[in-house]
Structures are given as structure tokens and as C-alpha cells.
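Notes for the one structure printed next.
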Amino acid sequence: MAKNRELSAAEHATIGASVGSIEMAIMRPAVFWKTELQQQRFSLARAMNPAYCYRGLPLAIASIAPITCIQFGANSLFSSTMKAAKGKAELNEFEKLLSAVLAGAASALVQCPCQLVEVNQSNHGSSMLATARRVVSQNGLLGLYRGYTMGAIREGIFCSSYMAINPMVKGWIHERELELSDNSTTLLSSVVSGTLGAALSHPADTLKTRLQAGALPLRPGEPAEASRISGPIAALKDISEKGDLLKKCFAGFSPRLFRLICCTYIYSTCTESLEALWHSATVDLVVGGTRVQVTQSYNT
């Protein structure tokens, strides 16, 4: 029986960079809407204006591609390491979740500075380089990592939702032998896992956005929020003093829920397609003057 070989961490990383870029190009407006709501400055005119909702798209794609590259590659690496350490071919559900959470936290090391620059570029309209220089000049190099802990929590939960929980839900649906097409099964599992991931990670996402947006003053002559809000606890206190804590922690939830459901579906379908394409690819080798095609699968 022919069985596809397991892709390497580098191959998974390449697929991750591709699917992340595709998803961001499609869903960029939802990211802008969520950020605007979290900063309590949402305007329908700005939300529907491509000049605003697609502002920073090249940077967003350039920043998300390495992130999903790291997430896919790190998850593959962590999974392989766990399998080797335990001497088994498959991980249990908890181990798959743990691997995905660690991959998400690892990706936040690169994602946090990129998103901080992205948020402040969206607020102030300056170039990426100019924004980064302003942040470093006012907050130091570590200022680029403002909000990292919340970002790591958010990415850990998000990665586990689409890398581990989504396949679990799909498997559960298949086990129940429901009369659903493959596309309907993928869509349903994306709704379930995307909703769970969005609900669990959104408070951390809100705190991350508040902390990152506070790196620079919103208006000239005013001090930046970073001068009085140093971390997540201080941000929580500030939010609670201004009104309903739960409501504000879930500000921007609707567009983010929409994006994560779509994101999970896009990631799932694109990953399956790219993995199938990768497995079906052939490599031409010249052996003794004869051209030989080597496929990406092996027989067991």
C-alpha cells in the first residue's frame, strides 16, 4: 500500500508561509475592523474605505508569512521531537495540543514586534521604518516587545485551535458518520474550532492591542499610554475603571470571530491542497545518463 511520507519541518514551514499569506490577503479588512473596535475608534466610513482597511497590507503579509512559517515548522519540529522521545509514531490529543501551543508561543517572538509596528503604523499613517524608529527612540529596543506575554497566550490558543482542535472536531464528525460532504465537514469544524479559539484568546488579544497601541501617543503633545500602563495587569485596571470589564475585553470580538472562522477554513483547505501537491510532486534525477522521476511517496 502506498503511503505518503511525513513532511519535514522545513516543508511544513514552506506550506505555512504560503497559507498565511493567502489568508491575510483575503482577510486584511477584518483585522483592521477588530483593531479599530478595540481602540474604541471604529468608524464605518474608515472601515469601508480600502485606503484604511487595506493600509499596511504589504507589511501584514510580510509579517504573517514568517509567523505561519514558524508555527507550521515549529509544530512539526515539536511533534517529531515528542514522537522520538516517546518512541511512538503518533501523539495523543494532549500532546498535539501542547505542540501547537508551544509553536504559537514561539511564533509570537517574531510576531509581537511586527504587529506593534503594524498597529502604530495604522494609527499614525507613517512608514514601517519610521514607526519602528519612533517606538525604539521612545521606548528602547524592548519596546518592540510590549505586549509579548499576551501575544504568546493568544497565539498559543489560536495555534491549538486550528492545528489540533480543528482536526479533532473533523475526526469526531467522521466517526459519527454524518452525511456531510468533505467541504461541509471542514466548514463545520472550522466554525466550532474557530469560535472556541476566538472566545478563549480574545481577552489576551484585546490586552495585547491596548498595550501595543500605547507605545506611541495618539495625539501630538500627549504622553503615550506606555508611560502609565506598563503591563497586562495595569491595562486590566485601566479598562475596568472605564466601564464594563467583560464588555471591553471582548471589544472587536465579532470581526475577529469572523476572521478566525474564515482563517481556520482557509488554513485547513489550503494546507490539505498544498500537502497533496507536495506529495504528488516529482523530482527529476539524472542517473547514468538516464532521467528518472522520483515521487514524494514511499511504499509500506
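Remark: the S240-S181 segment gains 16.6 nm on full extension, using 0.36 nm per residue and subtracting the alpha carbon distance.
Computed from the coordinates I sent, log10 I(q)/I(0) by the Debye sum over Cα atoms at q = 0.09, 0.11, 0.16 Å⁻¹ equals one of [x] -0.69, -0.91, -1.33; [y] -0.78, -0.91, -1.26; [z] -0.49, -0.71, -1.32. Tell me the label. The listed entry that was calculated here is [z].
Legend: residue pairs K86/K170; K34/K247; K34/K96; K208/K247; K96/K170, Cα-Cα distance threshold 18 Å; pairs beyond threshold, K86/K170; K34/K96.
Working note: 222 nm ellipticity from helices only, DSSP H runs with n ≥ 4, each -39,500 (n - 2.57), summed and divided by the residues of the chain, gives -23500 deg cm²/dmol to the nearest 500. E225 contributes about 50 Å² of solvent-accessible surface, heavy atoms of the protein only, 1.4 Å probe. Against the criterion of solvent-accessible heavy-atom surface with a 1.4 angstrom probe, R228, R5 sort, most first, into R228, R5. Evaluated with a Cβ-only charge set (Lys, Arg +1; Asp, Glu -1), the chain carries a dipole of roughly 940 debye about its Cα centre, given to the nearest 20. Summarising the label geometry, the points placed 7 Å from Cα in the beta-carbon direction at T195 and C262 lie 1.9 nm from one another. With K and R counted +1 and D and E -1, the other residues having a Cβ less than 9 Å from that of G151 yield a net charge of 0.
Within a Cβ distance under 9 Å of M168, other residues only, what is the Lys/Arg minus Asp/Glu net charge? Present the calculation step by step, with values, prior to reporting the outcome.
Working: positive: K96, K170; negative: E93.
So the surrounding residues net to +1.
The label point for S227 and the one for A276, both projected 7 Å from the Cα toward the Cβ, are 5.8 nm apart.
Taking all protein chains together and a probe of 1.4 Å, list K34, K248, K237 from the most accessible to the least accessible. Could you put the intermediate results ahead of the total?
Working: K34 20, K248 45, K237 125 Å².
So, going from the largest accessible area down, we get K237, K248, K34.
Taking all protein chains together and rolling a 1.4 Å probe, I157 ends up with roughly 40 Å² accessible.
Rolling a 1.4 Å probe over the heavy atoms of the protein chains gives the chain an accessible area of 50 Å² per residue.
Of the accessible area of the chain, computed with a 1.4 Å probe over protein heavy atoms only, carbon and sulfur atoms account for 64 percent.
About its Cα centre, how strong a charge dipole does the range 178-265 have in debye, to the nearest 20, once Lys and Arg get +1 and Asp and Glu get -1 at the Cβ?
Numbers: 10 positive and 8 negative charges, 72 e Å.
My answer is approximately 340 debye.
Structure remark: mean-square fluctuation, Gaussian network model of the chain, C-alpha springs under 10 Å; the largest value among A152, A47, A105 belongs to A47. Rounded to the nearest 10 square angstrom, H124 shows an accessible area of 60 square angstrom against a 1.4 Å probe.
The values are calculated or read from the model by the stated rules, or taken from the named source; none is laboratory data. The shown structure was predicted, so the numbers you read here are calculated from the model rather than taken from an experiment. Glycine also receives a Cβ, built like all others from the backbone with ideal geometry; neighbour counts cover every protein chain displayed. Side chains included, ligands, DNA and RNA excluded: accessible areas come from the protein's heavy atoms. Shrake-Rupley method; radii C 1.70, N 1.55, O 1.52, S 1.80 Å.
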